[in-house]
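Before any comments, here is the structure.
The values are calculated or read from the model by the stated rules, or taken from the named source; none is laboratory data. Since the structure is predicted, the reported quantities are computational estimates derived from the model, not experimental observations. Please note: Cβ atoms are built from the backbone with ideal geometry, for glycine as well, and neighbour counts cover all protein chains shown. SASA here: full protein model, heavy atoms, side chains in, ligands and nucleic acids out. Shrake-Rupley method; radii C 1.70, N 1.55, O 1.52, S 1.80 Å.
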Amino acid sequence: MRPQLLFLILIMLPLMSQAQQVVKYDWLTSGEKSGSMEVTYLDDKHTVTTFEFNDRGRGPKQRDEIWLNDQGFISKQTISGHAYMGAKIDEQFIHNGQTAQWQNTLEKGSKTLKNNAFYTAADGTLYFFEILVKAIAASKDKKIQLLPSGTASFEKITSTEVSLGEQKKTVHLLAIKGFGFSPTYGWFDDDHNLFGFSFGWMGMTPQGWGENLVKLKELQETAEDNYFRRQAKEFGEDLDGVTLIKNINVFTATDTGLIKNTQVAIENGKIIAIGNKAKVKATRTIDGKGNTLMPGLWDMHSHISLQGGYLDIAAGITSARDLANDHDQLMEATKLFNKNAAIGPTVYRAGFIDQQSPYAAPTGKLANSLEEALEYIDWYGERGYQQIKIYSSINPEWVPALAKRVHKNNMKLSGHIPSFMTTEQAVKDGFDEIQHINMLFLNFLADKDSDTRTPVRFTLVGDKAGELDLDSKEVNDFIALLKKEDVIVDPTVTIFENMFLNKAGEIAPSYEMIAEHMPADVRRSFLAGDLDINPDNEAAYKRSFQALLNMIKKLHDADVRLVPGTDALEGFTLHRELELYAQAGISNEEVLKIATVNSARIAGQENVGTIAPGQTADFILLEGNPLENISDIRNVALVFKGEKLYKPNELYRAIGIKPFSAFH
């Protein structure tokens with residue numbers, strides 16, 4: 001090497017290292033590092049961000065390169081990698097002159113711009129929020145236009161000091177508005193540099209600063225509580241005195257068909273009379289306009305949040321069963337819902353236990369031994385939980401002892417079937433309920449080497465379920481065992497509709513009926529695929545999904561009890577779940593009973609789930625007749641929850657959703 005060239009390189013090295021500053025973040029799951037994000041600043045307008053984490057064998061892996069213009073807006077962006085469930089990411093954006101163009105696996109678009117607009121990538125990393133917040137802060141009116149559509153702004157909520165050894169800094173909680181149904185909360189320093197995020201049991205901080213996440217989470221949850229408290233004050237109406245709902249057709253969930261042209265009276269949160277001959281002096285009268293009154297719906301597979309509770313009520317879900325959550329967070333949400341200080345359903349709780357492993361669940365209790373798992377069962381029992389849900393990493397040899405301790409505590413045992421265990425053996429060892437319809441198929445498709453702690457529990461069923469003979473003796477014997485042991489099945493079949501049928505770039509079939517009602521960014525999320533559906537596997541996955549529906553019908557015909565759950569977008573997913581049960585061949589009337597009285601009785605509740613004198617006034621008014629058209633379940637006009645009345649149209653408009661009912 002020539003001396004002059006060597007001298008030049010030595011001079012440039014310090015400058016290069018200054019230009020290529022790297023900021024590293026830890027991704028944390030339940031306080032433990034499970035991933036990372038690194039932002040490399042090539043210069044003040046050019047960055048490369050890499051982001052990945054592992055969540056039970058799933059997780060994204062992204063490379064996001066961004067160029068900014070002089071105003072701090074994105075002028076060019078390229079993103080590659082794969083999404084949480086493995087779907088390919090390939091996205092490009094460029095803004096030259098007045099034309100902005102973008103293309104990704106979901107969509108292709110362009111727009112002529114007179115002014116700057118901030119591009120929101122379909123598959124960007126969290127670093128996006130740093131440059132977004134800086135652009136908003138620098139704008140004249142503290143609000144900027146988004147691409148493909150919408151606007152964004154932020155509000156400073158609170159501040160706190162964080163530390164790492166002797167290092168200290170002040171960070172600020174910002175509520176970023178313009179995405180989803182409620183603000184996106186993030187933590188930023190005085191210069192609007194990203195510090196971190198808290199997402200329940202997951203979160204992100206600069207490398208080494210993770211111990212601060214607990215405090216940040218608590219402060220953020222307080223801010224979220226306050227946001228939803230304000231909504232409850234604005235939208236819930238008190239039902240004082242006697243309320244009479246007249247000119248209605250009633251589905252009681254116990255009688256056959258509808259009681260036509262009748263009325264229902266309620267007082268103090270209870271049904272006091274049904275029928276036109278009832279003599280009541282009404283404080284308030286509501287004209288039902290010939291529509292259908294029926295019990296409130298139940299979501300039997302929920303993971304409760306304050307936003308989720310809001311969406312539940314708007315969708316007519318007045319009762320929900322939580323199947324895995326942070327205890328303190330769940331108790332706080334339940335308290336707020338019960339006091340009507342936040343909008344949400346009545347909550348029934350299942351405790352959650354998994355075994356420590358690289359694939360362990362990110363919430364609940366994680367046991368290192370059978371003895372510890374048994375102690376956790378007692379812990380949940382002492383706190384009034386009704387059920388225990390176990391997960392995929394549990395040692396199969398533990399199950400009989402777990403079931404015995406659960407039943408001793410007068411609770412039910414449910415969950416995923418532990419990896420390397422057959423579903424049949426789990427039933428024989430004491431399972432009372434099985435979560436997810438794929439777990440039934442794994443009984444026949446998994447072998448001794450199938451590690452169903454990983455996404456194999458999805459892909460194996462997608463590949464092979466359509467080949468299983470559902471009329472075979474082994475399948476019929478298995479269903480007979482479920483019936484004999486009175487094992488309940490919680491199919492959550494809608495999530496498999498999206499996994500097995502949704503190709504990237506097409507609206508997810510589960511959300512086709514609601515997509516045009518949603519805010520632009522939510523609609524766009526429905527274009528994302530979970531699994532890589534391609535010409536090689538498309539036909540097999542379609543056959544497999546039909547097999548899931550056929551299994552649901554066989555279970556129902558065999559009198560195996562079903563409960564409807566979502567494990568996905570609240571409210572709307574339950575509506576689709578019920579439509580799919582009807583598509584499977586179950587009558588609309590039976591589907592509605594599954595979602596009302598049957599779920600209530602399985603949850604041990606006798607005072608809700610039907611329309612009858614003395615029952616709690618948890619019911620909904622629907623435009624149309626779901627006995628004739630199951631999709632009328634979406635047209636919720638009014639929701640009665642005890643002594644509160646909610647108007648879904650108002651709830652939806654407040655969060656940017658176009659209403660489904662013309663009642664108000």
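Within segment 125-132, is even one residue polar (S, T, N, Q), open to solvent by less than 30 Å² (accessible area, probe 1.4 Å), farther than 24 Å from N325 by Cβ and in contact (Cβ under 8 Å) with a residue 60 or more places away in the chain?
Taking segment 125-132 and keeping what is polar (S, T, N, Q), we get 125.
Keeping just the survivors that are open to solvent by less than 30 Å² (accessible area, probe 1.4 Å) gives 125.
Of the ones still in play, those that are also farther than 24 Å from N325 by Cβ are 125.
Checking which are in contact (Cβ under 8 Å) with a residue 60 or more places away in the chain leaves us with 125.
Yes, there is a match, as at least one residue in segment 125-132 is polar (S, T, N, Q), open to solvent by less than 30 Å² (accessible area, probe 1.4 Å), farther than 24 Å from N325 by Cβ and in contact (Cβ under 8 Å) with a residue 60 or more places away in the chain.
From the list D463, D477, D559, which residue is without any contact (Cβ under 8 Å) to a residue 12 or more places away in the chain, open to solvent by 40 Å² or more (accessible area, probe 1.4 Å) and more than 30 Å from T120 (Cα to Cα)? Give the derivation first.
Details: D463 fails: without any contact (Cβ under 8 Å) to a residue 12 or more places away in the chain; D559 fails: without any contact (Cβ under 8 Å) to a residue 12 or more places away in the chain.
So the residue among D463, D477, D559 that is without any contact (Cβ under 8 Å) to a residue 12 or more places away in the chain, open to solvent by 40 Å² or more (accessible area, probe 1.4 Å) and more than 30 Å from T120 (Cα to Cα) is D477.
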Only one of these conditions is not met by N116: (1) closer than 27 Å to F496 by Cα; (2) in a loop (DSSP other than H, G, I, E, B). Which number is it? (1)
If I ask for residues that are over 23 Å from P455 (Cα atoms) and touching a strand residue (DSSP E or B) at 6+ places or on another chain (Cβ under 7 Å), which ones from segment 408-427 would you list? M411, K412, L413
Please list, ordered by first then second residue, the pairs with beta carbon atoms under 6 Å, 6 or more apart or interchain, first in segment 499-528 and free of Cβ contacts under 8 Å to residues at least 40 places away in the same chain and more than 14 Å from R634 (Cα to Cα), second surrounded by 18 or more Cβ atoms within 10 Å (Cβ to Cβ) and among the polar types (S, T, N, Q). A508/N498; A508/N502
Residues that are farther than 24 Å from Q92 by Cα and not in a strand (DSSP E or B), drawn from segment 18-53: Q18, A19, S30, G31
If I go through segment 475-529 residue by residue, how many of them are among the polar types (S, T, N, Q) and either touching a Gly at 6+ places or on another chain (Cβ under 6 Å) or under 26 Å from I602 (Cα atoms) (or both)? 4
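Residue-by-condition table, conditions (1) crowded, with 20+ Cβ neighbours inside 10 Å; (2) touching a Leu at 6+ places or on another chain (Cβ under 9 Å); (3) closer than 14 Å to W67 by Cα; (4) free of Cβ contacts under 8 Å to residues at least 12 places away in the same chain:
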| site | (1), (2), (3), (4) |
| --- | --- |
| T78 | no, no, yes, no |
| A83 | yes, no, no, no |
| A87 | yes, yes, no, no |
| Q98 | no, yes, no, no |
| Q101 | no, no, no, yes |
| E107 | no, yes, no, no |
| T112 | no, no, no, no |
| K134 | no, no, no, no |
| A138 | no, no, no, no |
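With closer than 19 Å to L569 by Cα, open to solvent by 10 Å² or more (accessible area, probe 1.4 Å) and not in a strand (DSSP E or B) as the only criterion, which of Q231, Q307 stands out?
On the way: Q231 fails: closer than 19 Å to L569 by Cα.
It is Q307.
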Which condition does L531 not pass, out of (1) in contact (Cβ under 8 Å) with a residue 12 or more places away in the chain; (2) part of a loop (DSSP other than H, G, I, E, B); (3) more than 29 Å from T184 (Cβ to Cβ), if it passes all the others? (3)
Name the residue, out of I437, I390, that is open to solvent by less than 50 Å² (accessible area, probe 1.4 Å) and either within 27 Å of D328 (Cβ to Cβ) or without any contact (Cβ under 8 Å) to a residue 12 or more places away in the chain (or both). I390
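Does segment 149-167 contain at least one residue that is open to solvent by 20 Å² or more (accessible area, probe 1.4 Å), hydroxyl-bearing (S, T, Y) and closer than 19 Å to A342 by Cα?
If we filter segment 149-167 for residues that are open to solvent by 20 Å² or more (accessible area, probe 1.4 Å), which is where we start, we get 149-151, 153-161, 163-167.
From the residues that got through so far, the ones that are hydroxyl-bearing (S, T, Y) too are 149, 151, 153, 158-160, 163.
This time we only want the ones that are closer than 19 Å to A342 by Cα, so: none.
Scanning segment 149-167 turns up no residue that is open to solvent by 20 Å² or more (accessible area, probe 1.4 Å), hydroxyl-bearing (S, T, Y) and closer than 19 Å to A342 by Cα.
Look through A350, A320 and report the one residue that is of a type in the set (A, V, I, L, M), crowded, with 24+ Cβ neighbours inside 10 Å and free of Cβ contacts under 8 Å to residues at least 40 places away in the same chain. Quick ask: steps written out before the conclusion?
Working: A350 fails: free of Cβ contacts under 8 Å to residues at least 40 places away in the same chain.
Testing whether each residue is of a type in the set (A, V, I, L, M), crowded, with 24+ Cβ neighbours inside 10 Å and free of Cβ contacts under 8 Å to residues at least 40 places away in the same chain leaves just A320.
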Can you run down the residue pairs with Cβ atoms below 7 Å, 6 or more apart or on separate chains, where the first is in segment 444-458 and at negative phi and the partner is β-branched (V, I, T) and part of a loop (DSSP other than H, G, I, E, B)? A446/T452
Can you spot a residue in segment 24-32 that is at pLDDT 95 or above, buried (at least 17 other Cβ atoms within 10 Å of the Cβ), closer than 26 Å to D532 by Cα and out of contact with any helix residue (DSSP H, G or I) (no Cβ under 9 Å at 6 or more places or on another chain)? yes
What is the residue count in segment 617-639 for residues that are assigned to a loop (DSSP other than H, G, I, E, B) and open to solvent by less than 10 Å² (accessible area, probe 1.4 Å)? 2
Identify all residues within segment 391-404 that are out of contact with any Ser or Thr (no Cβ under 8 Å at 6 or more places or on another chain) and not in a helix (DSSP H, G or I); write none if there are none. Y391, I394, N395
